[in-house]
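The values are calculated or read from the model by the stated rules, or taken from the named source; none is laboratory data. Note that this is a predicted model, so its numbers are computed, not measured. Note that we place each Cβ from the backbone using ideal geometry, even for glycine, and neighbour counts take in every protein chain shown. What goes into the accessible areas is simple: the full protein's heavy atoms, side chains included, and nothing from ligands, DNA or RNA. Shrake-Rupley method; radii C 1.70, N 1.55, O 1.52, S 1.80 Å.
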Amino acid sequence: QVKLVESGGGSVQAGDSLVLSCAASGFDFKSYVMGWFRQAPGQEREFVGGIDWAGLGGYYADIVEGRFTVSRDNTKNTVSLQMNNLKPEDSAVYYCAGSSIIARAPTEYRYWGQGTQVTVSS
């Protein structure tokens with residue numbers, strides 16, 4: 001059974017940092033590109049950042065470039081999202097997801113977690 005379980009969400013102040021983690025099981029983790037997405041109320045789910053199979057290359061949405069960093073540990077089947085200098089507009093439910101290709105579109109991701117809430121207050 002495929003499982004992606006996010007953790008680390010919470011309520012923080014603008015300018016703070018937060019690390020989200022995602023634990024994967026039930027599939028060949030190292031064979032999947034891992035991505036992070038977010039969805040705010042009334043908004044479409046949007047790509048945040050992703051990392052390739054080996055963890056050598058991250059790619060990001062322009063709106064988080066330079067503030068967010070994706071990393072992975074293929075020995076532990078985990079992927080993380082380091083978020084720095086958080087802004088109120090970063091508030092959303094954050095999801096990790098797995099894809100067989102490097103992609104930004106949610107439709108290219110096969111496996112999804114249940115999400116974790118991040119709330120940033122000003």
What dipole magnitude, in Debye to the nearest 20, does the stretch 16-71 give about its Cα centre under +1 on Lys/Arg Cβ and -1 on Asp/Glu Cβ? 120
Just how far, in whole angstrom, is the stretch 77-100 from the stretch 1-68 if you go by their alpha carbon centroids? 3
Residue-span extension gain [A40 to Y59] - 0.36 nm each, minus C-alpha spacing: 4.7 nm
So which lysines pass the test for K87, namely a Cα distance under 28 Å, with those fewer than 8 places away in the same chain ruled out? none
Note, the stretch 64-77: 3J(HN,Hα) by Karplus (6.51, -1.76, 1.60, θ = phi - 60°), whole Hz, Gly/Pro = x, goes 10, 3, x, 10, 10, 9, 9, 9, 9, 10, 6, 7, 10, 6
Give the cross-link partners of K3 among the lysines, using a straight C-alpha distance below 25 Å as the criterion and excluding same-chain residues fewer than 8 apart. K30, K76
Accessible area of the chain with a 1.4 Å probe: how many percent of it is carbon plus sulfur? 48
Interatomic Cα distance distribution for the chain, bins of 5 angstrom, percent: 2, 13, 24, 27, 20, 10, 4, 1, 0
Over all pairs of distinct alpha carbons, what does the Kirkwood formula give as the hydrodynamic radius of the stretch 1-67, in Å? 13.8
For the chain, size of Cβ-based charge dipole, Lys and Arg +1, Asp and Glu -1, in debye: 280
Give me the accessible area per residue for the chain, probe 1.4 Å, as a whole number in Å². 50
In terms of the alpha carbon gyration tensor, root eigenvalues a ≥ b ≥ c, rounded if a/c is under 1.5 and otherwise prolate when a/b exceeds b/c or oblate, the stretch 69-114 is oblate
Could you grab the relative contact order for the chain? Cα pairs under 8 Å, six or more apart, rounded to a whole percent. 35
How much accessible area does T69 have with a 1.4 Å probe, in Å² rounded to the nearest 10? 70
